[in-house]
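A short write-up of the structure that comes next.
Please treat every number below as a calculation from the coordinates, not as lab data. Worth saying up front: this structure is predicted, and the values here are computed from it rather than measured. Here the Cβ positions follow ideal geometry from the backbone for every residue, glycine too, while neighbour counts run over all protein chains shown.
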Amino acid sequence: MLPTKPPRNYHGDVVPHDHPDIGNTDNLIRGISPNHLVAAATPGKLRLSSMAFSKSSGVNEGMSCDLERLVENDGRALGEWIKANSRFVGGVKLSVGAVRGLTLMVGYDPITRPVGNPYHCQVWGAFPDRSKKAMLAMAEWIEKPLNVE
């Protein structure tokens with residue numbers, strides 16, 4: 001079941017909010033692009049950077065994610081969902097409760113165009129380095145690129 005509709009401003013944009021239908025036991029899926037990977041200590045290997053857990057420069061400056069429960073309820077495999085997006089080389093899972101523990105909000109933000117994504121959420125709030133590093137430490141790989149430690 002989809003979460004209730006998110007709050008919107010007079011332009012129709014979703015406003016930052018902590019959605020009551022997204023529980024602390026839920027998980028978020030964060031797509032990982034090649035830009036989120038940096039050189040590792042091991043020659044020829046890469047590692048995930050805390051930069052992967054930064055807010056965007058979009059309208060509400062949130063960090064885009066998908067709600068794992070919604071993807072799975074639609075019968076989609078998480079790895080396949082990540083691979084379906086050509087921008088991503090991998091994906092990680094984050095606990096909603098742990099993210100909220102960093103004083104961040106997790107809200108529902110479905111995308112309707114240009115290509116729909118009814119699973120889309122945002123993480124909003126301040127993203128100091130300590131919060132990005134905490135998310136890096138808690139991230140669990142769902143789909144891990146071969147050359148990543």
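Descriptive notes on the structure:
- Alpha-carbon Rg/Rh ratio, for the range 20-65, with Rh computed the Kirkwood way: 1.10
- In this structure, the pairs whose alpha-carbon distance is over 18 Å, taken from LYS93/LYS132; LYS55/LYS144; LYS55/LYS132, are LYS55/LYS144.
- Crossing angle, helix 129-138 versus the chain [Cα axis fit, 0-90 degrees, rounded to tens]: 80
- Annotation: the residues LEU146, LEU70, sorted from fewest to most other C-beta atoms within 10 Å of their own C-beta, follow the order LEU146, LEU70.
- Alpha-carbon centroid distance for the pair the range 29-77 / the range 110-149, whole angstrom: 4
- Counting 0.36 nm for each residue step from LYS133 to ARG76 and taking away their Cα separation leaves a gain of 17.6 nm.
- Ranked by how many other beta carbons lie within 10 Å on average, peptides 8-17, 92-101, 79-88 from highest: 92-101, 79-88, 8-17
- Stretching the chain fully between ALA126 and SER57 yields a gain of 23.5 nm (0.36 nm per residue, less the alpha carbon separation).
- A full extension of the chain between LYS45 and TRP141 corresponds to an added length of 33.0 nm, given 0.36 nm per residue minus the alpha carbon distance.
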